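**Q** After the structure tokens below, expect a handful of questions from me.
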Amino acid sequence: MRNFVSRSISCSLAISLALVAFAAVTPAQKKSRLQDATRHSREAAEVFTEIMNVRDKAIPKELLDKSEAIAVFPGVLKAAFIFGGKGGQGLISRRTRKGWSAPAFFNLSGGSFGAQIGASKTDYVLLIMNEAGVNGLLNDKFEVGGEVGVAAGPVGREAAASTNPRLDAGILSYSRSKGAFIGAALKGAVISPDNDLNEAVYDMKAKEVLTESSMTLNQMPAGVRIFPRTLARYSPHVRQ
């Protein structure tokens, strides 16, 4: 009996210590994740600003204003030695009646096989042009160029006049690598929500952030506001 009581006390003590440890770690983990979200938001805003400031080769504003959502994946790493792969993190904001939504966080990944070697970093900007493109991104895993059409986005002021056929594509993609900014079709990559980060920041998953949340800019966590604020600087139109 005495041994049983002793074991029960020891077990209760162990559980209590575990709960205390869990409670102590959780705020630290949340703070770390908020710092991650702030960093991703800042980097994405910087990349978008730099691309829009490329003289005579920025994304045409006419296309920007017609987009339903914008995704930015800064510094996507592509590395290969026979087997290849790419990976990065970014965020997506959707145009709403109140302005640009709180950004939801996503991962970008992909792979390839062939005679290849080397590594590079590339920034990607994706204009999601219609509801089909938005709905595709809301799936758990979305392959760019799968069911939703993807095309290389035209660049430069003169390009806007010849973009009508391209609007049939669900997504227009742009990339910047080693200082060169071009419209390049991003195909075969998989975009999936980083719901660990979304839940740490918003207590919501990516789909809820982009479809159910009604947060205004002032209601968003301070660290992530820079991204929708930057989008609004270049395309202030709200959804009708």
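**Q** What pairs in LYS178/LYS207; LYS31/LYS187; LYS31/LYS61; LYS31/LYS98 have C-alpha atoms more than 30 Å from each other?
**A** The answer is LYS178/LYS207; LYS31/LYS187; LYS31/LYS61.
**Q** Quick one: length gained pulling ARG239 to LYS207 fully straight, 0.36 nm per residue minus the C-alpha distance? List each step's numbers first, then the result.
**A** Values: separation 32, 0.36 × 32 = 11.52 nm, distance 1.82 nm.
Here the segment from ARG239 to LYS207 would lengthen by 9.7 nm.
Only the coordinates and a few stated rules stand behind these numbers; no lab work does. Every value quoted in this text rests on a predicted model; they were computed, and no experiment measured them.
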